[in-house]
Structure formats: structure tokens, C-alpha cells
Amino acid sequence: MTEQKRVEKFNSFDLGALRNHLMQADLDSFQASELLAAFLNGRGYGVDARLVPDAILRMDGGQCDTACMQTELERVALVM
């Protein structure tokens, strides 16, 4: 039996706020990873630390819209 992750669909306001903070705060990759982890931890999820750096790279540069961000968050989130 395959374990299925169930991650909520985050609202566009929260995703937009996270996106803006990642783009405007001039964070290095470590700080951006911590911000992403804090975003998920604050919503009751753990984080697969091995996948976070790749997710940050995909979200960097403003080319990742909210649908893309949702996908990346689902990929790194661990249901607690």
C-alpha cells in the first residue's frame, strides 16, 4: 500500500506573501530554506530538508506562480 501525502491547498494570499518575501527580502539560499520551512511548520507540516534547496531554486526569480509554489510545497511537506 502506497502512503499518500495529503497537503492542504494553501490560499493565494499566503502563497503570494511567501513569494513576495522570498523575492524581496534578499535572502541567501539557507535563509530562504528556513523561511519555507517556517511557512510549512507554522501550518502543521514537517519538511523534507533534502528537497527544500531544489524547491527554493524552482521558486526563485519570480517565474514560479502560485500553482507552481503549491506544487513545490506539496513536494517538500511532510504530513505530521
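The values are calculated or read from the model by the stated rules, or taken from the named source; none is laboratory data. What you are looking at is a predicted structure, and each value in this text was computed from that prediction instead of being measured. Cβ sites come from the backbone with ideal geometry, for glycine too, and all protein chains shown count toward neighbours.
Tabulated values for the structure
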item: Unique match (being at pLDDT below 90 and either in contact with a helix residue (DSSP H, G or I) (Cβ under 9 Å, 6 or more places away or on another chain) or more than 17 Å from E74 (Cα to Cα) (or both)) among L22, L35, L15; result: L22
item: Top-ranked residue of the stretch 39-80 - restricted to ones that are on the phi > 0 side of the Ramachandran plot and assigned to a helix (DSSP H, G or I), ranked as surrounded by the fewest Cβ atoms within 10 Å (Cβ to Cβ); result: G61
item: Within the stretch 1-12, considering residues that are surrounded by 14 or more Cβ atoms within 10 Å (Cβ to Cβ) and closer than 19 Å to V52 by Cβ, the one modelled with the highest pLDDT; result: F10
item: Cross-chain or 6+ apart pairs with Cβ under 7 Å, the stretch 30-52 first and free of Cβ contacts under 8 Å to residues at least 24 places away in the same chain and among the aliphatic types (A, V, I, L, M), then surrounded by 12 or more Cβ atoms within 10 Å (Cβ to Cβ) and outside any helix (DSSP H, G or I); result: L35/L27; A37/V47
